[in-house]
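Single-structure report; data block below.
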Amino acid sequence: GLDPHARAYTLVTSRGCPGGCTFCIKHVSYGTSVRIRSPENVLAELKLLWELGLRNVHMYTDLFTVHREQVMGICEGMIREGLKFKWTCNSRVDFVDPEMLRAMRRAGCWMISWGIESASDEILRHVHKGIDQGKIARGLQWSKEAGIMNWGFFILGLPGETEETIAQTIAFSKKLPLDLALFHIAVPYPGTPFWFEALEQAWLRVERWEDFDMYSST
């Protein structure tokens with residue numbers, strides 16, 4: 001893991017995500033467009049960081065594994081150049097495979113954060129997440145087998161949520177090969193499909209941007 005006293009750096013390898021999650025603020029900013037840096041460009045920055053004495057990096061992206069060839073190129077380059085960083089990133093369970101995860105581990109990745117959201121396949125379909133319980137379990141198991149720690153992100157309160165589905169999500173999180181779990185409260189950020197749905201259903205009690213946080217949004 002990461003030394004809590006070590007200096008760390010955030011590195012942007014790409015911007016954008018092709019996913020259609022209705023709650024994501026990307027619908028307001030860039031839609032489904034994706035911009036990717038070349039592996040050579042990323043490696044040049046990593047070499048500079050290494051020369052500056054940094055050894056810990058967080059790949060700060062909307063979806064680090066959005067482009068498989070780029071990820072493999074970065075990992076192979078880090079191994080080839082002896083850039084033995086310890087690094088973290090985010091991903092989706094439907095944008096990984098065992099070979100990629102093993103390459104990421106060899107290149108120094110020690111933890112991935114995953115957007116899981118809910119145990120209810122019905123809720124996941126409603127918010128256009130594009131995954132289900134089977135894909136979630138498979139992706140996290142691949143990561144675990146590669147030797148990478150898993151951090152699961154969940155959202156409580158998405159459309160269709162009940163006390164029963166909340167309990168199912170909590171129980172599901174305990175069964176998954178997770179090392180950490182973080183539970184967020186659903187927020188219909190203005191301009192997202194989720195926000196328009198909340199407007200149509202008269203779920204909103206606030207209008208100002210300042211009120212759209214996890215404490216007062218709905």
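Name the pairs whose Cβ atoms lie under 6 Å apart, with the first residue in segment 192-206 and of a type in the set (A, V, I, L, M, F, W, C), the second part of a helix (DSSP H, G or I), and 6 or more positions between them or separate chains?
Every condition considered, the pairs that remain are 204/198.
Given (1) among the hydrophobic types (A, V, I, L, M, F, W, C); (2) under 17 Å from residue 65 (Cβ atoms); (3) surrounded by 17 or more Cβ atoms within 10 Å (Cβ to Cβ), where does residue 153 come up short, assuming only one miss?
Here residue 153 meets the rest and fails (3).
Got at least one residue in segment 170-182 being open to solvent by less than 50 Å² (accessible area, probe 1.4 Å) and among the β-branched types (Val, Ile, Thr)?
Of the residues in segment 170-182, the ones open to solvent by less than 50 Å² (accessible area, probe 1.4 Å) are 171-173, 176-178.
Going one step further and asking which of them are among the β-branched types (Val, Ile, Thr), we end up with none.
No: zero hits.
Please state which one of 174, 144, 135, 129 is in contact (Cβ under 8 Å) with a residue 60 or more places away in the chain and among the basic types (Lys, Arg). Spell out the reasoning first.
Details: 174 fails: in contact (Cβ under 8 Å) with a residue 60 or more places away in the chain; 144 fails: in contact (Cβ under 8 Å) with a residue 60 or more places away in the chain; 135 fails: in contact (Cβ under 8 Å) with a residue 60 or more places away in the chain.
Exactly one of 174, 144, 135, 129 is in contact (Cβ under 8 Å) with a residue 60 or more places away in the chain and among the basic types (Lys, Arg), namely 129.
Residues are listed down the side, and each one gets a yes or a no for (1) open to solvent by 80 Å² or more (accessible area, probe 1.4 Å); (2) free of Cβ contacts under 8 Å to residues at least 12 places away in the same chain; (3) under 23 Å from residue 155 (Cβ atoms):
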{"position": "11", "(1), (2), (3)": "no, no, no"}
{"position": "26", "(1), (2), (3)": "no, no, yes"}
{"position": "31", "(1), (2), (3)": "no, yes, yes"}
{"position": "39", "(1), (2), (3)": "no, no, no"}
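State which residue pairs qualify: first residue within 15 Å of residue 26 (Cα to Cα) and inside segment 58-70, second residue part of a loop (DSSP other than H, G, I, E, B) and open to solvent by less than 10 Å² (accessible area, probe 1.4 Å) in any location, beta carbons under 6 Å apart, and separation of 6 or more residues or different chains.
61/13
Return a yes/no flag: does segment 120-140 have any residue that is open to solvent by less than 60 Å² (accessible area, probe 1.4 Å), farther than 23 Å from residue 25 by Cβ, at pLDDT 95 or above and in contact with a Pro (Cβ under 6 Å, 6 or more places away or on another chain).
Among the residues of segment 120-140, at least one is open to solvent by less than 60 Å² (accessible area, probe 1.4 Å), farther than 23 Å from residue 25 by Cβ, at pLDDT 95 or above and in contact with a Pro (Cβ under 6 Å, 6 or more places away or on another chain), which makes the answer yes.
Picking from 106, 92, 15, which residue would you name as being open to solvent by 10 Å² or more (accessible area, probe 1.4 Å), in contact (Cβ under 8 Å) with a residue 12 or more places away in the chain and over 15 Å from the mean Cα position of the chain (by Cα)? Spell out how you get there, then give the answer.
On the way: 92 fails: over 15 Å from the mean Cα position of the chain (by Cα); 15 fails: over 15 Å from the mean Cα position of the chain (by Cα).
After ruling out the rest, the residue left standing is 106.
Please count how many residues of segment 73-89 are out of contact with any Pro (no Cβ under 8 Å at 6 or more places or on another chain) and either open to solvent by less than 60 Å² (accessible area, probe 1.4 Å) or at pLDDT below 95 (or both).
Of the residues in that region, 8 qualify.
The values are calculated or read from the model by the stated rules, or taken from the named source; none is laboratory data. Being a predicted model, the structure only gives us computed values, none of them experimental. When we count neighbours, we look across all protein chains shown, and the Cβ atoms used for this are built from the backbone with ideal geometry, even at glycine. For the accessible areas, the whole protein counts, side chains as well, though only heavy atoms, and no ligand, DNA or RNA atoms are used. Shrake-Rupley method; radii C 1.70, N 1.55, O 1.52, S 1.80 Å.
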